[in-house]
1. For residues that are open to solvent by 80 Å² or more (accessible area, probe 1.4 Å) and at pLDDT below 90, scanning just region 119-150, find the one that is nearest to residue 102 (Cα to Cα).
2. Are any residues in region 346-367 small (Gly, Ala, Ser) and modelled with pLDDT of 90 or more, and if so, which ones?
3. Report yes if some residue within region 115-134 is farther than 26 Å from residue 21 by Cβ and over 36 Å from the mean Cα position of the chain (by Cα); otherwise report no.
4. Take residue 159 and tell me if it is among the hydroxyl-bearing types (Ser, Thr, Tyr), assigned to a loop (DSSP other than H, G, I, E, B) and at pLDDT below 90.
5. Among the residues of region 547-569, are any in a loop (DSSP other than H, G, I, E, B), more than 17 Å from residue 601 (Cβ to Cβ), modelled with pLDDT of 85 or more and open to solvent by less than 40 Å² (accessible area, probe 1.4 Å)?
6. Could you pull out the residue among 130, 93, 103, 118 that is touching a Gly at 6+ places or on another chain (Cβ under 7 Å) and farther than 28 Å from residue 424 by Cβ?
7. Going by the conditions given, is residue 41 over 20 Å from residue 126 (Cα atoms) and at pLDDT 75 or above?
8. For region 155-183, give me the residue count where each residue is over 27 Å from the mean Cα position of the chain (by Cα) and open to solvent by 80 Å² or more (accessible area, probe 1.4 Å).
Amino acid sequence: MPQGGPKTKRGLLDSDDGRLLVRCYSQDGEEHRDFHFSPLSMAPGLKDALLAAFVKRTAPGAGLTSLGSMEKSHRALVLFDRYLASLSWPPREASHLTPEHFEGFYDSRSHIGSASTELSELKCTLVRVEGISDALAGRLAGPLPRRPQGEAKQSYSRSELKRIADAARTDLRAAARRIRDNRELLRRSREGELDPGDDRLLAERLELLDWVDRFADVPRMTRTGGKTAGMVETPRWVKKFGTAQKIVSWLHLTTAEVAAGAVLLAVMTGENPDVIYKVPAAHHRADGYTGAAGTAIVALQKPRRGRRAHMDLALSEVPDWISVPETPDEVAARDELHTPFGLYVLLHDLTARSRAMIGGNRLLIGYSATGGGSIGRGLRPLSDNGLPVSRLGQSWGLTADTTDQRGELAPLHVRLDLLRLTYIELHQKPVAHTEKTAATTYLARNRGNVAEYQKVVASTLTSEVNKARARGAMATMSAQDVERARTEPVVVAAEQGVEPATLQRMIAGELDTVLAACSDHTGGPHAPPGEPCRASFMQCLDCECARALPRHLPLQVLVHDRLAERRDQMDALPWAQRFAGPHAQLADLLDQHDEAAVHDARRAATAADHTLIERFLRRELDLR
């Protein structure tokens, strides 16, 4: 906090070296980060005002929920400080800030793609500064420069997605085999089943295994003499087994292998990258270890969803012999990586010891041989900056389906956000967002697989129409049949395959089911024999008990028209899956009448008919 202000856990003033910083916590409370303000070169009065505004913006309930968003806000202030320092007469107090300073900052950064984002972050902080001028307040209330249109994201093709998933599975299978073999070796050693005898190499290996299990590191020594006194190094006998990372990976996943786990989670769940990085190890076994298909429910959090931030994800559909994590040795490595639950089981098992050593509730934990600042080497949760996944993709050396300017296959860059986009496209459903967001933010901006998507839609259309026509259209009665039934009921009833009494009730309109009349509501194919039919009236279109009479034509025309309208209002694939079959069946029914009859039926539809059809299509007439 500014000099003289109260010391809190969020705002700290280090009295030893005078560093001015703000400590911020993530919404889940698991992480914190210190944002330093001492390096800012602006005058103390202005610095204190901006610091107080930053504290307000990062306070609980103020809107910023992740450390990443807080980092963006702090970076904008650092860049603003650099801009003000370049001026001949920089402002010294908050009241000295003018609209020209705000717009000048943008002009100085406008050549950079992130300039609009930085200006927006600066605005959100400045509006919380006390004592700014009315002129600046008015400018902050105005519109920001329009962001430049960025390149549309491109999802992966099916073949590219398969290559990525196969590479991730290969890495994790190798890691599982390595760690489980070394766990077994360590168990046998500790229980006295394995005696190295005179085998010095085996004895040293077993000693290292025990050390790694207890400390997640290798033995180290400190030099005592010469110019290198005080330097920490690995003993020579340890080096012959490889690097520290290689040795620690005998019992722990590496950062790259944990990144492979994150990639597979994205492939199979389509969750947001920030959510995947923080997938918890705590879970609920919905199957109750009953021997049925295993299901683990994990509680996820997507902070920017506000009051809907907390959500549950069910990971299921796996062989019934998988469990978490009581009997991990019964899990077959080749079978556990093709379902979300199987993957979760494996990662939970392989990181169990790592998690016990560092604490916390993160699923994705691995060993890193390096670390920036004071982090250093050791076990840590997977970083959320995307670098481990990016580097892993580079190490795989995969190629895309497209070619570069030289005509060679372009490298395939692996990104969790593109895996999420691909999942949403292939499944055509939202994941932790609304259908509108899926359509406008994801699918509409995706320019990856339009041709492939069109092929899927065309194939679905053909399949649904063929199935509908293979089932056949419902039986019809012409106006002549209805007239004959009045004088020859027994003959017409025999032709229609119904009892004469049923025929009379059908003609009287007592058995109508919107699009037709039902000749036997307890003997149809959609319910057990003798029980009333509970199927949707839309299924009358291919039911053997349905009979279409002339008076049903206006209703059939209205439904046909409404389904055609929905084709323009919905995504193509869902329409094809839900309505292509009924639309084709209705088209076949209408083709049995001439155009004039269809036109007259459309005009003859009453307001009551329109109301009935709206209720019918909203499924208000279905039994729930």
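The values are calculated or read from the model by the stated rules, or taken from the named source; none is laboratory data. None of these values were measured; they are calculated from a predicted model. All Cβ positions, even for glycine, are placed from backbone atoms using ideal geometry, and neighbour counts span all protein chains on display. When the accessible area is computed, the model is the full protein with side chains, heavy atoms only, and any ligands, DNA or RNA have been set aside. Shrake-Rupley method; radii C 1.70, N 1.55, O 1.52, S 1.80 Å.
1. 143
2. 352, 354, 356, 366
3. Yes, the conditions are met somewhere in region 115-134.
4. no
5. no
6. After ruling out the rest, the residue left standing is 93.
7. Taking the combined requirement at face value, the residue does not satisfy it.
8. Total satisfying the criteria: 2.
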